[in-house]
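Peer 1: Before anything else, here's the structure in question.
The values are calculated or read from the model by the stated rules, or taken from the named source; none is laboratory data. Since the model is a prediction, treat every value here as computed from it, not as a measurement. Cβ placement follows ideal geometry from the backbone for every residue including glycine, while neighbour counts extend to all protein chains displayed.
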Amino acid sequence: MTSDDVSVDDKVKRTRDLLSSFYSQDASQISPPANTTSRFATLDTINTTSFDADQYMNLLVRKSSLEGLLQRHVEMAAEIKNLDTDLQMLVYENYNKFISATDTIKRMKNNIVGMEVNMEQLLDKIMSVQSRSDGVNSLLFEKREHIEKLHRTRNLLRKVQFIYDLPTTLQKCIKSEAYEDAVRFYTGAMPIFKAYGDSSFKDCKKASEELMTVIINKLEDKVSSDSESIQARAEAVMLLKQLDFPVENLKSKLLEKLEQFLEELDLSKDINAASENPRESINEEIESDSIPPLPEVPTREFVEAVHAYHVIFPDSEQHLVKLMHDLTTRHFEAAKQQIQEQISSAKLSNRLRFIWTDVLLIDEVLPEAGLQDFALEAARVVVKQYVTSLFSNLLQEISDTLLQIHKDGTGEEYPLRAALEASKNALIQGSIKVLSDTRYLLDEDLGLILKSRDIIINWVQEGFQTFFNQLNDQLLLLTGKNVPTDKVSSGLVLVITELSVFIERDASTRIVEEIGSSLLGGSYEYGGSAFVPAEIRHTFRSAGEKFLQRYVSMRTQRISVLLRKRLTTPNWIKHKEPREVHMFVDLFLQELGAVGNEVKQILPQGLTRRHSRTESNGSTSSSRSTTLRDNRSNTNRARSQLLETHLAKLFKQKMEIFTKVEHTQESVVMTIVKGCLKSMQEFVRLHTFNRSGFQQIQLDMQYLRVTLKDSTDDEAAVEFLLDEVIVAAAERCVDPSPLEPAILDRLVQAKLAKTVDQGPVAS
């Protein structure tokens, strides 16, 4: 190794020692154990305090090549240079700090020298002030002692004068009934009477005791008097207790008076009470709801009396707690009674505010009663009853509106439409009123409401769910569930049908929006909510279909009864030759006209689709008419042709007669017409006709064919059913010979002309 290398190693070692001494490295953390042998040495030991250069070089020569040694030499030279640079910077920085510290110490030394002089001057002044103060105190000591002695004498003279004047003072208190002042004066003089009552103030003591006996008697009379208020009685007992009078015998009497006062307390006077700062009303009802001022209810007097009783008799806590609970219970019972009388939300809010004020007052004087929790539970019961009453009133209002419908729907222009609009308005406006009344309560700053806000909102949502289920049940009753159809108004059923559709399509969505905006402050959350509009829509979708089918059944049954009477009354086997269309056809058309008038008021129009008769759609009118006309001279051949007609029906294109009733005017009327014609076909099958009877049926059906042509949207189905009635009559006829076409047309035209002169029968 060269001399340059040795000098470098010395420099490195010196630098390492300086850094180690500056940072105070813990040798135990960086030094290997003393018993470490050379065989465990590594190249990393260069950074420890126990570094052995010879051992390190031997190890480095053994493990490294010449190129590696040269590379290591270059790296170490660079590290040494960096350490020198760091050391210089460290020395410069610490030198600047030392200079700054030296300057600071010099300035402190100069300041302290000046402070010592000032402190000496201050001490001299303090000593001077103290000496002068001692001189003043020594001069005024005798005068101060004299003044204090005179002051004590003056106070003693006042007390003596007060004792001598006490009988006179007590007499004045008795005259003015200032018993509280009398007791205070006497108890203040008691220490003097005990010390000097048998010597200096003997006469004063005796006179005062005689007067206090009078006062005690008056206080006892006051406790027993029914004309005195409960507060005055409690104050009298407290004064007697201050005089060490045995008041235990008055305990039961006063408690009885408290119970009697509670029974006589009239809590119903505030039924129209208004709040101190009434807000602006939120709907027209509240705006028009005049609320007169609240009469003064003496609950505060009662609470103060209870507090006094509790102070006098501390062991009476259990009885007083029961009285407070009874008072609060009576408050809420009065609220329940008001709810049954359909109280407004403003009045209920004022009632709850009045109750909460009393609860807080009682809680101050008797916290052991725990009235806040008790009142909170009772208030929840009352508010839930109020919410339930809102929905009950809404349900009743809708029912009353629907029951105003005239049974026949006559005598008034568009009565069904007015009833429908009234029921829709009752539903929507009533629901909005429920939400606005609830919102009014929630917006009030009431402790009883704020703690139950989320619960009340959930009750309202549950109320809507229950309300719609009850409304569905009520509509089922109004439409005559399990009741004969002749006992129910068909117009009412039709209005209820459209109301159900309105609830399914519009009302449920509108109410969801109102709940979100009024109670939830935003959009309605469906997840986990008590009100499920999807269930309501499904319920009323199904109900609307049932009610519409109910209407169709009612009208079809009514007309079918007329048809049955018509076909049952005459003797068809002896029927005379037809001269004109039978009167039952007019009745049939009148009933259809009534149906059309009802559905036009309530149901919407459907898409226009008229099915006309063609030979390709399975019509049999031409073949049947031709067959019957060609065989009027040969009965056997006519029957053979009827058999051929039935066989031809097997190969016809199938015609769908009875389809699902749609919620349109045309579908309802068409379904009723089809049902009536089908019933007529069945009635015809039950009778036997002669030729004239068969021809009468043919004439009636031909007239219906003409009159129903423009009033139905499925002409093909109507003509098919009319043909079925004629075929059924032909099958039951002994001589199925039809009328001549000219005669048939002449009779039909005559009837049409007569109908035009009299006015249209069917719309």
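Peer 1: Name the pairs whose Cβ atoms lie under 7 Å apart, with the first residue in the stretch 69-92 and touching a residue at least 12 places away in the same chain (Cβ under 8 Å), the second part of a helix (DSSP H, G or I) and surrounded by 12 or more Cβ atoms within 10 Å (Cβ to Cβ), and 6 or more positions between them or separate chains?
Peer 2: ARG72/LEU60; ILE80/VAL8; ILE80/LYS11; ILE80/VAL12; LEU83/THR15; ASP84/THR15; LEU87/THR15; LEU87/LEU18
Peer 1: Here are GLU116, GLU67, GLU75, GLU120: which of them is of a type in the set (Asp, Glu), under 22 Å from LYS13 (Cβ atoms) and loosely packed, with under 12 Cβ neighbours inside 10 Å?
Peer 2: GLU75
Peer 1: When only residues in the stretch 159-197 that are part of a loop (DSSP other than H, G, I, E, B) and within 18 Å of ASN217 (Cβ to Cβ) count, which is modelled with the lowest pLDDT?
Peer 2: Of the residues in the stretch 159-197, the ones part of a loop (DSSP other than H, G, I, E, B) are 177-178, 197.
Filter once more, so that each one left must be within 18 Å of ASN217 (Cβ to Cβ): 177-178.
Working: GLU177: 80, ALA178: 84.
Of everything passing the filter in the stretch 159-197, GLU177 is modelled with the lowest pLDDT.
Peer 1: To continue, here is another question. Going by what's in this entry, would LYS709 be described as surrounded by fewer than 15 Cβ atoms within 10 Å (Cβ to Cβ) and either at pLDDT 90 or above or under 51 Å from the mean Cα position of the chain (by Cα) (or both)?
Peer 2: no
Peer 1: Has the stretch 545-557 got at least one residue that is in contact with a Gly (Cβ under 6 Å, 6 or more places away or on another chain), surrounded by 15 or more Cβ atoms within 10 Å (Cβ to Cβ), closer than 30 Å to PHE694 by Cβ and not assigned by TED's automatic domain parsing to the domain that holds LEU708?
Peer 2: Taking every residue of the stretch 545-557 in turn, at least one turns out to be in contact with a Gly (Cβ under 6 Å, 6 or more places away or on another chain), surrounded by 15 or more Cβ atoms within 10 Å (Cβ to Cβ), closer than 30 Å to PHE694 by Cβ and not assigned by TED's automatic domain parsing to the domain that holds LEU708.
Peer 1: Can you tell me which residue is nearest to ALA234 (Cα to Cα) among those in the stretch 153-164 that are in contact with a helix residue (DSSP H, G or I) (Cβ under 9 Å, 6 or more places away or on another chain) and surrounded by fewer than 18 Cβ atoms within 10 Å (Cβ to Cβ)?
Peer 2: Step by step, filter the stretch 153-164, then rank; the result is PHE162.
Peer 1: When ALA378 is evaluated against the numbered criteria (1) of a type outside the set (Ser, Thr, Tyr); (2) surrounded by fewer than 22 Cβ atoms within 10 Å (Cβ to Cβ); (3) over 30 Å from ASN425 (Cα atoms), which criterion, by number, is the only one it fails?
Peer 2: The number of the failed condition is (2).
Peer 1: What do you reckon, is PHE502 surrounded by fewer than 21 Cβ atoms within 10 Å (Cβ to Cβ) and in contact (Cβ under 8 Å) with a residue 24 or more places away in the chain?
Peer 2: yes
Peer 1: Tell me yes or no: at least one residue of the stretch 420-428 is modelled with pLDDT under 85, surrounded by fewer than 20 Cβ atoms within 10 Å (Cβ to Cβ) and in a helix (DSSP H, G or I).
Peer 2: no
Peer 1: Check SER625, SER616 and return the single one that is closer than 29 Å to ALA730 by Cβ, loosely packed, with under 14 Cβ neighbours inside 10 Å and at pLDDT below 65. Before you say what the answer is, go through the steps one by one.
Peer 2: Working: SER625 fails: loosely packed, with under 14 Cβ neighbours inside 10 Å.
It is SER616.
Peer 1: Which of the numbered conditions does ASP408 fail, given that it passes all the others? Conditions: (1) more than 28 Å from LYS433 (Cα to Cα); (2) modelled with pLDDT under 80; (3) part of a helix (DSSP H, G or I).
Peer 2: (3)
Peer 1: Within the stretch 318-365, can you find the residues that are surrounded by fewer than 20 Cβ atoms within 10 Å (Cβ to Cβ), of a type in the set (D, E, K, R) and under 17 Å from THR388 (Cα atoms)?
Peer 2: Passing the criteria: GLU333, LYS336, GLU341.
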